[in-house]
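Just below is one structure, and these are the notes that go with it.
The values are calculated or read from the model by the stated rules, or taken from the named source; none is laboratory data. Please read all numbers here as calculations on a predicted model, not as lab measurements. No Cβ is skipped: glycine too gets one built from the backbone with ideal geometry, and neighbour counts run over all protein chains shown. For accessibility, only protein heavy atoms count, side chains too; no ligands or nucleic acids. Shrake-Rupley method; radii C 1.70, N 1.55, O 1.52, S 1.80 Å.
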Amino acid sequence: MIMKVIIGIIFGLLIQSIIVAGNRRFPKDFQWGVGSSSYQIEGAWDEDGKGQSIWDYMTHTFPDKIDDKSNGDVACDSYHQWKQDVQMIRNLNVDTYRFSISWPRILPNGTVNNFNEKGLRYYSSLIDELLKYNITPMVTIYHWDLPQRLQEMGGWTNSEIIPLFKEYAKLLFEFLGDRVKIWTTINEPWHICEHGYGVDYMAPAYAYPGIPAYLCGHNVLKAHAEVYHMYRKHYLHRQHGKVGITLDTFWYEPKTHSENDRKASESALQFYLGWFGHPIFSKKGNYPEIMIDRIKALSKEQGFSKSRLPEFTPEEIKFIKGSSDFFGINHYTTWDVTKNSYNNSGNFPIPSFNHDMGVIESINPNLRESGVGWLIFYPKGLYNLLMWIKKEYNNPNVIITESGVASNQGIEDDERVDYLNLYLEETLNAIEDGANVKGYIVWSLMDSYEWKTGYQAKFGLYHVDFNDPKRKRTAKRSAKVYSNICKTNAIDWSFHPVVISPMARTNGGQSISVVSLLLVSVSLIFQRFL
């Protein structure tokens, strides 16, 4: 009798969750998209006059820095197969394609005196093809592939890069701005600066902790603001576009309920997201106070004559503040945090970004894993982050410019299907709780070159056969599920389409099991109220 009651209650919850899910829809004007970046998909690394990027240089000179010793010389061959890419995008029912332009493909040496018309023609043709099918191009001006010649001048640590970046952006506005209405100046400046200069991870992989990353960040913020104001002054009145920036962060969950761990969570968010978010989106502008105070105090202890964090002038603070038409945020996962001890129990280099932040990060071993070790499932983290941004920055218009998961399940990628459904549920929860979330862009269109991991991490909605010279693309189950979400503007947990594969299950995967649906439904109910 008790078992029947329990089954009845669970069945009722199941039906209720399905009904609720069926009635909950995203706003009519919600922006659905999919993303990629130039170095990760284009290939053709030295064709048609393209110059060498810092990733070309690093992967050719130091292949051991990449997990599988690969490079982006061919990648997905999108330089030649861009028309097929557009058809794949069409099949997803998205209204936006976020892609980046390769600086050295347009300006081989990074400067306007050496302009490559063939490179510009490639992007112009891609944009025209997207518009032909009413797909909005969302163009990232810089997504990590700096011309190598500029790196030899110091790259983003040299303030001379600011006018050079401005000239490059001006060229794009002049030739493409009549058709591009959404621009992102720079993608993930934290990675550009800390992973590029502070540690040996992303190109140029300086491994010089505690100083050049902050110089880089200072120049990135000023370069971004210069481009934003240039567009507002010279192009907005005739091109009517928007210019923003894309930042990134995990959610940092306090490891325990202690006050120290709660403070560690706030410190991590201020250092990771606030480093670039606070100068642009906060009411006061400038770096977060916790960054200014901690780095100044630690610099003094370490014998420096001034803070390792550069200072903005009052005029620069005003110039940078408000210099974005939307808040682009990339989010994938959540890590736990606790406070680093005064004795540096985290064993961080001194000085370094991590030591300055004063936080020890860890991955919760009890949460669901994915196809890469650093990414675990914690959908509530996205909700928490969106609400933090709402509170911290006066509820700006947010576009989730990247979100996705690596999966090793091939085209029957139920893992990614679950991720999309769960994380989109939390996005919808945040919208219903007042966050101004205007769009969601899945990373990524297809399996591609994933930087340090090479081709081992599979983030794509489409499978790419990298052993095939033609780089054959095949839609995964997640592609069909996401296409249905974009078409209906709603999440349907019962939608489990067939995918064609030699490894397909005999039942074709036509319907999700009752047990699986039950578990998911109960999980959603509990997650909503935790």
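Mind ranking 143-154, 43-54 by how tightly packed they are, going by the mean number of other C-beta atoms within 10 angstrom, highest first? Intermediate values should be presented prior to the final figure.
On the way: 143-154: 21.6, 43-54: 19.6.
So the order, starting with the most tightly packed, is 143-154, 43-54.
What full-extension length gain, to one decimal in nm, is calculated for E311 and D46 as 0.36 nm per residue of separation minus the Cα-Cα distance? If you can, show how the numbers build up before the last one.
Details: separation 265, 0.36 × 265 = 95.40 nm, distance 3.96 nm.
Full extension of this stretch gives 91.4 nm more.
Kindly provide the helix-only [θ] at 222 nm of the chain, computed as the sum of -39,500 (n - 2.57) over DSSP H runs of four or more divided by all residues, to the nearest 500 deg cm²/dmol? Walk me through the intermediate numbers first.
On the way: 19 runs with 218 residues, N = 530.
That calculation yields -12500 deg cm²/dmol at 222 nm.
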Handout entry: ³J(HN,Hα), Karplus 6.51/-1.76/1.60, whole Hz, each residue of region 433-440, x for Gly, Pro
Key = 9, x, 6, 8, 8, 9, x, 9
Completion exercise
Karplus-derived 3J(HN,Hα) from phi for region 451-462 (6.51 cos²θ - 1.76 cosθ + 1.60, θ = phi - 60°), whole Hz, x at Gly and Pro, runs 6, 4, 8, x, 9, 7, 8, 10, 9, x, 6, 10
Exercise for the section: DSSP loop (so not H, G, I, E, B), at most 15 other Cβ within 10 Å: list which GluC sites (Glu not before Pro) in region 283-334 pass both filters. Expected result: E311
Exercise for the section: State the extension gain, in nm to one decimal, for the chain segment bounded by Y133 and N343, taking 0.36 nm per residue of separation less the distance between their alpha-carbons. Expected result: 69.7 nm
Completion exercise
Once normalised by the length of region 402-474, the mean sequence separation of its alpha carbon contacts under 8 Å that are 6 or more apart gives a contact order in percent of 32
Handout entry: Length-normalised contact order for region 358-515 - Cα pairs under 8 Å, 6+ apart - percent
Key = 20
Completion exercise
So for R0 = 35 Å, FRET eff. of H191-D492 from the Cβ-Cβ r, to 0.05, ends up at 0.55
Problem - Sequence-distant residues sharing a close amide H with F327 (under 5 Å, placed H) - result: N397, V398, I399
Exercise for the section: Putting +1 on Lys and Arg Cβ atoms and -1 on Asp and Glu Cβ atoms, find which of L385, G371, I320 reaches farthest to the positive end of the dipole of region 271-412. Expected result: I320
Practice task
Could you sort 199-206, 292-299 so that the peptide with the highest average Cβ count within 10 Å comes first and the rest follow in order?
Solution key: 199-206, 292-299
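Under the classification rounded if a/c is under 1.5, otherwise prolate if a/b is larger than b/c and oblate if not, where does the chain fall, given a ≥ b ≥ c as square roots of the Cα gyration tensor eigenvalues? Let's see the in-between values first.
Values: a/c = 1.61, a/b = 1.19, b/c = 1.35.
Taking the square roots of the gyration eigenvalues as a ≥ b ≥ c, the chain is oblate.
How would you classify region 66-160 from its alpha-carbon gyration tensor, with a ≥ b ≥ c the square roots of the eigenvalues: rounded for a/c under 1.5, else prolate if a/b is greater than b/c, otherwise oblate? Before the final figure, lay out the partial values.
Working: a/c = 2.14, a/b = 1.64, b/c = 1.30.
Since a/c reaches 1.5 and a/b is larger than b/c, the shape of region 66-160 is classed as prolate.
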Practice task
From largest accessible area down, sort D64, D418, D447; use a 1.4 Å probe on the protein chains.
Solution key: D64, D418, D447
Problem - For T246, distant residues with modelled amide H under 5 Å away - result: T185, I186, E188
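From the square roots a ≥ b ≥ c of the eigenvalues of the alpha-carbon gyration tensor of region 287-409, which class results: rounded (a/c under 1.5), prolate (a/b over b/c), or oblate?
Working: a/c = 2.57, a/b = 1.23, b/c = 2.10.
It is oblate, given that a/c is not under 1.5 and a/b is not larger than b/c.
Could the peptides 400-411, 214-225, 336-347 be put in order, highest first, of the mean number of other beta-carbon atoms found within 10 Å of their residues?
Details: 400-411: 22.2, 214-225: 23.9, 336-347: 15.3.
The packing order, highest mean first, is 214-225, 400-411, 336-347.
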Fill in the blank from the handout: Checked against the positive end of the charge dipole of region 63-160 (+1 on Cβ of Lys and Arg, -1 on Cβ of Asp and Glu, about the Cα centre), the farthest of I127, L150, W82 is I127
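Can you give the relative contact order of region 282-406 as a percent, counting alpha carbon pairs under 8 Å and 6+ residues apart? Display every interim value, and only then the final one.
On the way: 134 pairs, mean separation 38.2, N = 125.
Contact order relative to length: 31 percent.
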Fill in the blank from the handout: Counting sequence-distant residues (5 or more places) and residues on other chains, those with an amide H built under 5 Å from that of S53 are Q148
Completion exercise
Distance in Å, no decimals, from the C-alpha centre of region 182-243 to the one of region 309-383 is 17
Fill in the blank from the handout: With the charge dipole of the chain built from beta-carbon charges (+1 for Lys and Arg, -1 for Asp and Glu) about the Cα centre, the Cα from G434, G244, G460 projecting farthest to the positive end belongs to G434
Fill in the blank from the handout: Phi angles of region 200-217, converted by Karplus (6.51 cos²θ - 1.76 cosθ + 1.60, θ = phi - 60°) into ³J(HN,Hα) in whole Hz with x for Gly and Pro, give 8, 9, 9, 4, x, 6, 5, 6, 10, x, x, 10, x, 4, 6, 5, 4, x
Handout entry: Cysteines in the chain that, by Cβ-Cβ distance, have no pairing candidate under 4.7 Å
Key = C76, C486
